Structures are given as structure tokens and as C-alpha cells.
Amino acid sequence: MIKAEYIWIDGTKPTPLLRSKTKIVEAGAELPIWGFDGSSTNQAPGKSSDCVLKPVFSCPDPIRGGAHKLVVCEVLTSDMEPHLSNTRAKCVATESRYSDHGMWFGLEQEYTLFKDGRPLGWPEQGFPAPQGPYYCSVGGDYVYGRELVEEHLTACLAAGLKISGINAEVMPAQWEFQVGPLSASAVSDQMVVARWLLARIAEKYGVHVSYEPKPVKGDWNGAGCHTNFSTIAMRESYDKCVQAAQVLGERHELHISNYGAGIEERLTGNHETCSWREYKYGVSDRGASVRIPWQVARDGYGYIEDRRPAANCDPYVVTQLITETVCSRI
Ligand code: ADP
Ligand code: MN
Ligand code: MN
Ligand code: MN
């Protein structure tokens with residue numbers, strides 16, 4: 001028998017939480033459908049509380065080791081329809097409609113570690129020295145939480161996730177990991193596992209992982225989830241990359257309103273962002289909504305970076321929207 005940790009996204013508003021529970025299953029057997037009490041997760045009224053967990057992605061569980069598994073689930077209603085909170089179903093439908101475009105996504109997940117109600121390592125009173133030395137830093141004066149972050153990276157690799165890197169961020173106690181490039185649903189499934197592992201490992205340290213877009217007000221960077229993407233055509237042609245950047249502007253408001261609660265607090269026009277009120281793109285421009293990386297301009301093909309999504313975004317929603325907006329237009 002093995003322990004299978006069934007993970008799902010709940011119905012908490014405005015930003016859903018991850019939930020999980022353990023099922024003991026036969027090693028090697030197919031992972032069965034399961035259920036939970038939706039009235040305790042903002043997913044159902046008490047009178048008809050049963051929700052269904054349908055396994056959609058599984059990988060080795062690096063916490064428990066052995067043959068134990070982590071299992072990402074979609075939530076269904078008891079009549080086996082996608083639950084209102086289930087954003088994955090729509091993501092998969094859109095992805096298959098445009099499968100001939102060969103969409104790839106690479107997500108840069110930023111997050112902030114908190115302990116005792118303040119960012120990890122910050123003084124009890126006042127603030128650390130201003131931003132400047134912390135991004136990609138090394139050394140005890142600048143780096144807070146490295147041990148936890150390293151443990152998370154090792155766990156993600158042991159789970160078989162396609163992590164492409166990590167770095168310390170501009171604000172002290174803020175970090176980033178990158179997942180991808182992968183298809184829309186695959187990168188999102190892996191993001192769910194990576195976020196779950198981060199929260200699970202942080203428990204050991206008594207640390208809270210915050211995805212707040214603006215965890216500390218004032219002259220401190222916010223936390224985003226830059227979403228890099230390409231189609232087959234973009235991977236062959238620079239013009240297509242520019243066209244993709246152009247068409248994303250045609251549905252700017254729709255994207256902004258679905259890129260995470262509190263997004264306006266981060267997209268101020270300062271701290272390497274473009275104001276949420278406007279849309280612009282440019283080569284190497286970290287003050288734009290969408291950046292075309294300089295190597296892409298040089299090579300004449302590649303991918304582009306949507307810098308707007310907040311750290312607390314739903315990756316299924318973000319990748320679904322980008323797929324729909326871009327693939328229906330270029
Ligand atoms: P930044 O310079 O913005 O910090 P990162 O190195 O953190 O960039 O992240 C870049 C992301 O882009 C990675 O997740 C990587 O997997 C992804 N990426 C690279 N090439 C492509 C591509 N052709 N299509 C989609 N994503 C890509
Ligand atoms: Mn990055
Ligand atoms: Mn970053
Ligand atoms: Mn980036």
C-alpha cells in the first residue's frame with residue numbers, strides 16, 4: 001500500500017487555497033476517484049456537501065519518499081460535472097482546441113516568506129536596508145530563507161517537476177522559482193505541486209508562504225508570476241512574437257481582471273511594472289506590460305513575457321486566457 005496525497009484547489013474568495021488529504025491505495029493500481037466535504041472548503045452548501053476529486057496528474061512524493069505519490073485533482077460536482085471552482089477543465093478545453101499552435105508556457109513564480117507576521121529575517125521594528133543588494137544575492141546580510149528554498153528546489157526535482165531555476169528577489173525574503181516550458185495544463189498542474197511542496201516544507205520552519213501581489217506597502221517590490229509563452233510560429237518568427245504582444249493588448253482589461261486579486265497594488269508603474277491602467281510592450285522593457293526578451297530580438301524568433309500576472313494568480317486561468325487571446329488572433 002502507498003500514501004497518495006490528493007491535492008485540490010478550493011473555493012475560497014478572492015484567492016483560492018490549496019487543500020489536500022491522504023488516501024491509502026494499492027501500489028501500482030489506478031488512482032481512484034475520491035470525495036470531500038465541500039461545505040468546509042467554500043465549495044458546497046452543508047445540505048449537499050459532497051464534491052468529487054478526480055485525479056489528473058500524479059508524481060513521486062519527495063516528502064514521504066518511497067513509492068508514495070502526490071496527486072493533483074480536478075474538483076467535480078456529484079453529477080460529475082466540473083465544479084464552478086474548477087478552472088482546469090476550461091484550460092484543457094482551450095488547450096485542445098488550439099493544440100495545433102503548440103503553445104508552451106514558462107512561469108516565474110515569485111513569493112514572500114513570512115515568519116511571526118513579518119517577512120522572514122526582517123527586524124521586529126522598522127525595515128531592512130533599502131532594496132538594491134538583495135536580488136540574486138549571497139551572504140547573511142542579504143539572504144533570508146535559503147535553506148528552505150534549497151529544500152524546495154530539491155523536492156521539486158525529486159518529484160520530477162520541470163523546474164528551470166530559482167533566484168532571490170529584489171525584496172529581501174522574496175524568492176522565485178520557474179516552471180516550464182510546458183503546455184498550459186501541464187505547467188499549471190506542476191505549479192500546483194510546486195506550490196503545495198513549498199507550503200508543506202515551510203511548515204517545518206514555521207514559515208508562511210505569501211503570494212500577495214504587494215506583501216509590503218511602500219518602496220518594496222511586489223510579487224508577480226511572469227508568464228512566458230510561445231507558439232510554434234513564434235519559435236520560428238520574430239514577427240509572430242511582436243504580433244502576439246500586439247494582440248494581447250486587445251483584451252487587456254479582461255486579462256488584468258483575471259490575473260490575481262489585488263493586482264492593481266503591484267502594477268503601479270514603479271518597481272519594474274507597467275501601470276494596470278495601460279498596456280504596452282517593448283524589447284527588454286521591464287516597465288512594459290509585455291516584454292520581448294533581447295535574445296529574441298537578436299535571434300529573430302523565440303517567446304515573449306507577459307509581466308502582468310500577480311503571484312497569487314490561477315495558472316489555469318492565465319494560460320487559458322493567453323491561449324484564447326493569442327491563438328484566435330495569430
Ligand atoms: P527573467 O529574465 O524574466 O527573470 P527567467 O529565466 O526567470 O526570466 O524565466 C524565463 C522562463 O521562460 C523560464 O521559465 C523558461 O522555461 C521560459 N521559456 C524559455 N523559453 C521559452 C519558450 N520558447 N516558450 C515559453 N517559455 C519559455
Ligand atoms: Mn525570473
Ligand atoms: Mn522575478
Ligand atoms: Mn521575468
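In region 94-122, the qualifying residues are those that are part of a strand (DSSP E or B) and more than 16 Å from ligand 4 (Cβ to nearest atom), and the one that is surrounded by the most Cβ atoms within 10 Å (Cβ to Cβ) is 112. Considering (1) away from ligand 1 (no atom under 14 Å from the Cβ); (2) over 27 Å from residue 212 (Cβ atoms), the lone condition that residue 313 does not fulfil carries the number (2). Output the residues belonging to region 156-185 that are away from ligand 3 (no atom under 13 Å from the Cβ) and closer than 26 Å to residue 117 by Cα. Within region 156-185, 172, 173 meet the criteria.
For region 45-55, residues that are touching a residue at least 12 places away in the same chain (Cβ under 8 Å) and outside any strand (DSSP E or B) total 2.
Within region 219-258, the set of residues being more than 13 Å from ligand 1 (Cβ to nearest atom), surrounded by 16 or more Cβ atoms within 10 Å (Cβ to Cβ), hydrophobic (A, V, I, L, M, F, W, C) and in a helix (DSSP H, G or I) comprises 242, 245, 248, 256.
The set of residues from region 263-283 being modelled with pLDDT of 95 or more, surrounded by 18 or more Cβ atoms within 10 Å (Cβ to Cβ) and out of contact with any His (no Cβ under 8 Å at 6 or more places or on another chain) comprises 263, 266, 267, 273, 274, 276, 281.
Look through region 194-218, keep the residues that are part of a loop (DSSP other than H, G, I, E, B) and more than 13 Å from the chain's Cα centre (by Cα), and return whichever of them is farthest from ligand 2 (Cβ to nearest atom).
Going residue by residue through region 194-218, those that are part of a loop (DSSP other than H, G, I, E, B) are 205-207, 211-218.
From what is left, the residues that are more than 13 Å from the chain's Cα centre (by Cα) are 205-207, 214-218.
Working: 205: 24, 206: 27, 207: 22, 214: 18, 215: 18, 216: 20, 217: 23, 218: 23 Å.
Top of the filtered list is 206.
When the criteria are applied in full, residue 250 fails the requirement of being touching a Phe, Trp or Tyr at 6+ places or on another chain (Cβ under 7 Å) and under 23 Å from residue 100 (Cα atoms).
The values are calculated or read from the model by the stated rules, or taken from the named source; none is laboratory data. Note that the coordinates shown come from a computational prediction; the quantities given were computed from them, not determined experimentally. For neighbour counting, all protein chains shown are included, and Cβ atoms are generated from backbone atoms with ideal geometry for every residue, glycine included.
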